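Engineer: Sharing a structure with you now.
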Amino acid sequence: MPKRVITLTVNGETHEVAVEPWWTLLYTVREELGLTGSKEGCGTGDCGACSMLLDGRLVTSCIVLAVEADGCQVTTIEGLAQGGQLHPVQQAFVEKGAVQCGYCIPGMVMAAYDLLRRQPDPTLEEVRLALAGNLCRCTGYTKIYEAVLAAAERMRLEGARG
Amino acid sequence: MARETLERPRFRHVGRPVDRIDATAKVTGQTVYGDDLRLPRLLHVKLVHAPVAHARIRRIGASKALAVPGVEAVLTAADLPPHRTNPDARAQVLLASDEVLFYGQPVAAVLARDPYTAAYARDLVEVEYEELPAVVDPLEAMRDDAPLARTGAIRDADRSEEQGHITVEAQQEQAQSHPSNVSSSITFRRGDVEAGFAEADAVVEGTWRSSMVHQSYIEPHVIIADYDASGELSIWSSTQAPFHVRHEVARTLGLPEARVRVTATEVGGGFGGKIYLYEPLVAALAMAVRRPVKLTMSRREDMLAATPAPQAVVQLKAGMKADGTLVALQARVIYDAGAFPGAPVLPGCLLIGGSYKCPNLDIQGFEVLTNKVSVGALRAPGAPHVAFALESAMDMLAQRLELDPLEVRLKNAVEKGDPLPSGQPYPAIGLKECLEAIARTDIWRERRRIRQHPHRGVGLAVGGWLGGLQPASATVGLNADGTINVTVGAADITGTNTSFAQIAAEELNLPLEMVSVVTGDTRTAPYAGMSAGSKTTYTVGRAVKLAAEDARQQILAIASQRLEVPAEELEMQDGVVRARGQPEKQVTFRELGRLTTGFGARYAPIVGRGAITARRQAPGFTAQVAEVEVDPDTGQVTVLRYAVAQDVGFAINPKSVEGQMQGGAAQGLGIALFEEMVYDEKGRLLNPNLLDYRLPTARDVPPIEAIIVEVPSEEGPYGARIVGEPSIVPGPAAVANAVADAVGARVFEAPLTPERVLRALGKLRD
Ligand code: FES
Ligand code: FES
């Protein structure tokens with residue numbers, strides 16, 4: 001079967017990529033576009049390490065085929081910091097000590113970013129629910145909750161960015 | 001977050017919360033993990049995992065796999081370069097050649113241009129097996145008429161992983177003469193246990209079972225190896241133990257250690273599960289094909305064929321006097337090692353008899369072989385299993401004698417000078433201080449009110465870990481611009497490099513930004529032991545401190561010559577050395593940097609050296625309390641609040657220390673409530689994925705209160721002691737005690753699944 005050429009706009013940059021029909025979006029972004037920030041923790045949609053935004057929706061990119069994303073807008077962890085400045089969610093993760101091994105963190109940050117776009121003033125319970133699809137084995141989540149709540153507060157004060 | 005601290009000197013950096021130096025790279029996705037590395041001509045490996053638990057390999061047919069375009073090679077044990085094999089050491093059986101010992105054991109390797117092709121071709125490799133009887137349950141395996149898990153007795157067990165985590169003087173007895181699945185056993189006795197039970201006013205007993213659990217680091221194992229034309233072997237591995245990998249790979253493949261370079265790539269979680277395993281195999285594959293080779297395990301492969309933590313059965317009988325004095329403990333501790341020896345029998349036995357003062361002990365430990373994947377370390381290996389039994393029994397005794405469970409623990413808690421079952425005395429430890437800290441938490445103080453709720457309760461448990469010991473070294477160098485480089489050989493798995501920056505900045509009185517810390521590879525870095533056994537800060541931290549002190553002396557000596565002021569009259573601050581009382585006499589680190597590195601420089605470079613060996617342990621204890629709610633209809637347990645108090649000696653970076661305590665506690669909750677590798681009667685793993693193997697999620701884990709307790713250790717830097725491991729230990733017992741408190745039913749098997757809780761409530765019948 002010949003490869004198929006698809007168009008992906010990733011973090012604002014448009015690429016034409018020749019993909020095999022069985023390649024996942026995660027594999028394509030990592031291997032063909034060299035954006036290795038998104039991680040594979042399970043490959044079955046269960047851990048959230050590969051989370052990205054696909055046309056504005058949070059997806060686990062390990063179970064999205066690249067061909068399904070043809071023509072779509074993709075935002076990955078590499079697209080969050082602007083002009084060398086961390087996004088408030090990223091900044092809060094650093095400051096609150098929410099990062100340990102870091103393997104879950106790209107997906108976790110994307111999920112938190114997605115939550116705060118939809119709900120700028122979440123309760124602790126809403127944060128826990130929104131992150132329930134993102135496994136972290138290191139932190140016990142506590143400092144992640146603190147980081148997301150702190151980021152929400154900062155973003156509200158700064159008048160919503162992102 | 002609270003901190004219970006003794007009076008201590010004020011420091012500029014150590015003891016203060018700082019951001020991890022690697023955090024920014026991690027939140028932006030820039031950190032390079034093993035699977036992110038790219039090498040030219042790289043081949044991808046997929047292993048053929050045996051679909052049977054015990055069998056003889058009759059034939060391996062590779063022709064269909066080899067016919068797939070993009071497949072470069074299919075290799076079996078016979079195709080590997082000559083190497084040392086030890087049938088008793090898992091990592092030295094590179095591929096099963098004759099006898100398959102567990103479901104998932106690799107029997108062949110497919111090498112292809114990309115991982116999809118390798119995985120596709122892997123399924124086309126034809127292997128004929130002659131099935132042999134498999135033994136799956138450890139108690140059945142101990143019976144005289146049980147089938148043997150393997151042909152041939154154990155002669156040369158590899159216990160290095162256990163010794164990296166816990167270093168004590170006590171020997172396990174190797175297997176007996178007649179063939180048996182018991183591969184080692186150990187006994188500790190003290191006093192007269194029968195006399196102890198005779199004087200007890202209450203005696204309780206039970207059998208506690210803990211399931212096999214997986215470390216479940218989010219990054220599965222990844223290893224790259226490259227063997228170049230000059231005979232240099234390079235390995236990149238997400239290992240916690242680069243020097244150990246080097247040693248084992250060199251030994252297995254017959255190479256000098258000097259020609260093996262191991263780079264520990266950023267470890268995406270290890271928890272004891274990433275010491276060493278497939279490095280010798282991947283290196284052998286690279287040597288066979290003379291191309292770089294990468295093995296990235298999928299989640300399923302990692303769950304089938306890495307080294308999870310053992311299942312255990314603990315039979316315990318405990319006796320106490322009416323005043324709460326513990327007088328007798330009798331235990332039979334059985335760990336299922338899986339297909340190769342290496343189960344944590346020794347630490348389990350030491351901790352079940354070494355957490356409380358007890359005059360009469362009779363402790364027996366057994367390591368049993370079965371046809372399941374062989375086990376490895378998981379954070380305080382073996383300890384949660386015995387704490388589950390011991391801490392449940394302590395609550396049962398307190399209840400029978402109508403005593404307060406916290407008071408009973410305080411009364412019997414081990415202190416400095418008390419002996420372990422091996423006789424070795426404890427150094428200064430903080431178990432009592434942890435209990436006192438828990439007594440002050442809201443959860444504990446509100447327990448009577450909480451209990452008014454029909455299905456809520458509060459449970460307490462303690463646990464500890466003794467810690468590993470290994471030598472360590474470090475260097476501290478002054479750069480031409482006056483900044484400082486610290487070089488260590490220890491993989492940074494818990495924020496240790498940040499702590500090392502704090503230590504060097506403290507000793508040189510510098511802003512933190514002037515110090516950078518790097519973990520070198522095994523060819524460039526000074527030696528360090530494995531980052532396991534909670535010993536990295538305790539040992540490497542001391543070496544960094546010494547190296548910084550050494551650099552400081554060298555800096556002062558040169559400054560003294562330049563300024564013509566005796567070194568004792570100099571002080572240093574923020575990169576400037578000054579004569580005390582004569583501020584005009586000063587020289588900066590930047591000038592000193594040039595004077596020691598420039599063309600025609602006057603002085604030799606400044607390289608501080610620190611090398612230590614650690615011979616005394618600094619055990620860490622923790623007390624934890626859980627508030628739970630039990631749904632009486634479904635049996636579901638919800639943790640509402642949780643607090644952990646842990647003695648860390650001195651928290652060099654309290655932010656990281658709290659994170660370690662919370663992370664370990666959450667893993668303890670996973671073992672308590674959800675995690676279980678389920679094998680069928682033929683030894684097949686039924687849930688090798690993260691949907692059916694349930695990890696604790698954000699919905700399951702409430703914010704965890706972390707209370708840092710600081711009872712200084714005798715040898716650690718600034719009094720620091722082990723931190724990483726203890727926090728995982730009490731979880732299952734704390735939850736079981738809370739469930740018993742909530743609904744009056746005691747569960748003896750972890751995880752406390754809804755089914756087991758309903759059974760304990762008498763609401764389920766077989
Ligand atoms: S890697 Fe996609 S959800 Fe785990
Ligand atoms: S920081 Fe390691 S998995 Fe989340």
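The values are calculated or read from the model by the stated rules, or taken from the named source; none is laboratory data. These numbers were taken from a predicted model, which means no experiment stands behind them. FYI the Cβ positions are ideal-geometry reconstructions off the backbone, even for glycines, and counts take in every protein chain you see. Accessible surface areas use protein heavy atoms only, side chains included; no ligands, DNA or RNA. Shrake-Rupley method; radii C 1.70, N 1.55, O 1.52, S 1.80 Å.
Engineer: Regarding the stretch B:350-360, can at least one residue be identified that is under 20 Å from the mean Cα position of the chain (by Cα) and within 30 Å of B:Val48 (Cα to Cα)?
Structural biologist: Looking through the stretch B:350-360, none of the residues is under 20 Å from the mean Cα position of the chain (by Cα) and within 30 Å of B:Val48 (Cα to Cα).
Engineer: Residues being facing another protein chain (nearest Cβ under 9 Å), open to solvent by 30 Å² or more (accessible area, probe 1.4 Å) and assigned to a loop (DSSP other than H, G, I, E, B): count how many of those fall in the stretch B:12-36.
Structural biologist: 4
Engineer: Being at the interface with chain B (Cβ under 7 Å from one of its Cβ atoms) and in contact with a strand residue (DSSP E or B) (Cβ under 9 Å, 6 or more places away or on another chain) is the filter here; which residues of the stretch A:88-110 pass it?
Structural biologist: A:Cys101, A:Gly102, A:Tyr103, A:Pro106, A:Val109 - these are the residues of the stretch A:88-110 that are at the interface with chain B (Cβ under 7 Å from one of its Cβ atoms) and in contact with a strand residue (DSSP E or B) (Cβ under 9 Å, 6 or more places away or on another chain).
Engineer: If you don't mind, there's one more thing I want to ask. Could you list, in sequence order, the residues of the stretch B:456-513 that are within 22 Å of the chain's Cα centre (by Cα) and among the β-branched types (Val, Ile, Thr)?
Structural biologist: Passing the criteria: B:Val462, B:Val488, B:Ile493, B:Thr494, B:Thr496, B:Thr498.
Engineer: Can you go through B:Ala706, B:Ala698, B:Ala665 and tell me which one is within 16 Å of ligand 1 (Cβ to nearest atom) and at the interface with another protein chain (Cβ under 9 Å from one of its Cβ atoms)?
Structural biologist: Among B:Ala706, B:Ala698, B:Ala665, only B:Ala698 is within 16 Å of ligand 1 (Cβ to nearest atom) and at the interface with another protein chain (Cβ under 9 Å from one of its Cβ atoms).
Engineer: Here are some conditions: (1) without any contact (Cβ under 8 Å) to a residue 12 or more places away in the chain; (2) open to solvent by less than 10 Å² (accessible area, probe 1.4 Å); (3) not β-branched (Val, Ile, Thr). B:Gly744 meets all but one. Which one does it not meet?
Structural biologist: Of the numbered conditions (1) without any contact (Cβ under 8 Å) to a residue 12 or more places away in the chain; (2) open to solvent by less than 10 Å² (accessible area, probe 1.4 Å); (3) not β-branched (Val, Ile, Thr), the odd one out for B:Gly744 is (2).
Engineer: Okay, moving on. How many residues does the stretch A:123-133 hold that are open to solvent by 10 Å² or more (accessible area, probe 1.4 Å) and either within 15 Å of ligand 1 (Cβ to nearest atom) or touching a residue at least 12 places away in the same chain (Cβ under 8 Å) (or both)?
Structural biologist: 5
Engineer: Restricting to the stretch B:265-299, and then to whatever is within 16 Å of ligand 1 (Cβ to nearest atom) and in contact with an Asp or Glu (Cβ under 7 Å, 6 or more places away or on another chain), can you tell me which residue is most open to solvent (accessible area, probe 1.4 Å)?
Structural biologist: Residue satisfying both the conditions and the ranking: B:Thr296.
Engineer: Restricting to the stretch B:439-498, and then to whatever is in a loop (DSSP other than H, G, I, E, B) and within 14 Å of chain A (Cβ to nearest Cβ), can you tell me which residue is nearest to B:Val18 (Cα to Cα)?
Structural biologist: That would be B:Gly495.
Engineer: Taking the residues in the stretch A:26-59 that are more than 8 Å from every other protein chain (Cβ to nearest Cβ), in contact with a helix residue (DSSP H, G or I) (Cβ under 6 Å, 6 or more places away or on another chain) and open to solvent by less than 10 Å² (accessible area, probe 1.4 Å) as candidates, determine which candidate is nearest to ligand 1 (Cβ to nearest atom).
Structural biologist: Of everything passing the filter in the stretch A:26-59, A:Cys50 is nearest to ligand 1 (Cβ to nearest atom).
Engineer: Follow-up. Could you please give the count of residues in the stretch A:69-87 that are without any contact (Cβ under 8 Å) to a residue 40 or more places away in the chain and at the interface with chain B (Cβ under 9 Å from one of its Cβ atoms)?
Structural biologist: Going through the stretch A:69-87 one residue at a time, the tally reaches 2.
Engineer: Within the stretch B:76-119, how many residues turn out to be outside any loop (DSSP other than H, G, I, E, B) and open to solvent by less than 20 Å² (accessible area, probe 1.4 Å)?
Structural biologist: Counting residues in the stretch B:76-119 that are outside any loop (DSSP other than H, G, I, E, B) and open to solvent by less than 20 Å² (accessible area, probe 1.4 Å) gives 12.
Engineer: Residues of the stretch B:512-534 being open to solvent by 30 Å² or more (accessible area, probe 1.4 Å) and under 21 Å from B:Asp550 (Cβ atoms), which ones?
Structural biologist: B:Leu512, B:Met514, B:Ser516, B:Val518, B:Thr519, B:Thr524, B:Tyr527
Engineer: If A:Ala112 satisfies all but one of (1) open to solvent by 10 Å² or more (accessible area, probe 1.4 Å); (2) of a type in the set (A, V, I, L, M); (3) within 16 Å of ligand 2 (Cβ to nearest atom), what's the number of the condition it fails?
Structural biologist: Here A:Ala112 meets the rest and fails (1).
Engineer: Related question: Those residues that are at the interface with chain A (Cβ under 10 Å from one of its Cβ atoms) and crowded, with 21+ Cβ neighbours inside 10 Å, I need them from the stretch B:668-694; list them, please.
Structural biologist: B:Gly668, B:Leu669, B:Gly670, B:Leu690, B:Tyr693
Engineer: Then there is this: Tally the residues that are within 20 Å of B:Arg58 (Cα to Cα) and open to solvent by less than 40 Å² (accessible area, probe 1.4 Å), restricting the search to the stretch B:133-156.
Structural biologist: The number of residues fulfilling the criteria is 3.
Engineer: Another question, if that's okay. Kindly indicate whether A:Ala111 is at pLDDT 95 or above, in contact with a Gly (Cβ under 8 Å, 6 or more places away or on another chain) and within 15 Å of ligand 1 (Cβ to nearest atom).
Structural biologist: Here the answer is yes, as A:Ala111 does meet what is asked.
Engineer: Filter the stretch B:675-698 for residues that are among the hydrophobic types (A, V, I, L, M, F, W, C) and under 20 Å from the mean Cα position of the chain (by Cα); which is farthest from ligand 2 (Cβ to nearest atom)?
Structural biologist: B:Met677
Engineer: B:Pro384 passes all but one of (1) touching an Asp or Glu at 6+ places or on another chain (Cβ under 9 Å); (2) not in a loop (DSSP other than H, G, I, E, B); which number fails?
Structural biologist: All conditions are met except number (1).
Engineer: What single numbered condition from (1) open to solvent by 50 Å² or more (accessible area, probe 1.4 Å); (2) more than 30 Å from B:Gly468 (Cβ to Cβ); (3) out of contact with any helix residue (DSSP H, G or I) (no Cβ under 8 Å at 6 or more places or on another chain) fails to hold for B:Leu546?
Structural biologist: Only one criterion in (1) open to solvent by 50 Å² or more (accessible area, probe 1.4 Å); (2) more than 30 Å from B:Gly468 (Cβ to Cβ); (3) out of contact with any helix residue (DSSP H, G or I) (no Cβ under 8 Å at 6 or more places or on another chain) is unmet by B:Leu546, namely (2).
Engineer: Need the failing condition index for A:Val127 against (1) more than 12 Å from ligand 2 (Cβ to nearest atom); (2) in contact with a His (Cβ under 9 Å, 6 or more places away or on another chain), just the number.
Structural biologist: Condition not satisfied by A:Val127: (2).
Engineer: For the stretch A:60-80, which residues satisfy the criterion of being buried (at least 21 other Cβ atoms within 10 Å of the Cβ) and within 7 Å of ligand 1 (Cβ to nearest atom)?
Structural biologist: Selection gives A:Thr60, A:Ser61, A:Cys62.
Engineer: Of all residues being out of contact with any helix residue (DSSP H, G or I) (no Cβ under 8 Å at 6 or more places or on another chain) and open to solvent by less than 40 Å² (accessible area, probe 1.4 Å) in the stretch B:217-230, which is farthest from ligand 2 (Cβ to nearest atom)? Just the residue, please.
Structural biologist: Among them, the one singled out is B:Tyr217.
Here's the yes/no breakdown for (1) part of a helix (DSSP H, G or I); (2) hydroxyl-bearing (Ser, Thr, Tyr); (3) over 30 Å from B:Pro133 (Cβ atoms); (4) assigned by TED's automatic domain parsing to the domain that holds B:Lys545:
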| site | (1), (2), (3), (4) |
| --- | --- |
| B:Pro688 | no, no, no, no |
| B:Ile707 | no, no, yes, no |
| B:Pro712 | no, no, yes, no |
| B:Pro732 | yes, no, yes, no |
| B:Ala736 | yes, no, yes, no |
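Engineer: I want to confirm something. Restricting to the stretch B:239-273 and keeping residues that are more than 14 Å from chain A (Cβ to nearest Cβ) and part of a loop (DSSP other than H, G, I, E, B), which single residue is nearest to ligand 2 (Cβ to nearest atom)?
Structural biologist: By that ranking, first place goes to B:Ala241.
Engineer: Also, I was wondering about something else. So which residues in the stretch B:212-236 are over 24 Å from A:Gly102 (Cα atoms), of a type in the set (S, T, N, Q) and in a loop (DSSP other than H, G, I, E, B)?
Structural biologist: Once the filter is applied, which keeps residues that are over 24 Å from A:Gly102 (Cα atoms), of a type in the set (S, T, N, Q) and in a loop (DSSP other than H, G, I, E, B), the stretch B:212-236 yields only B:Ser230.
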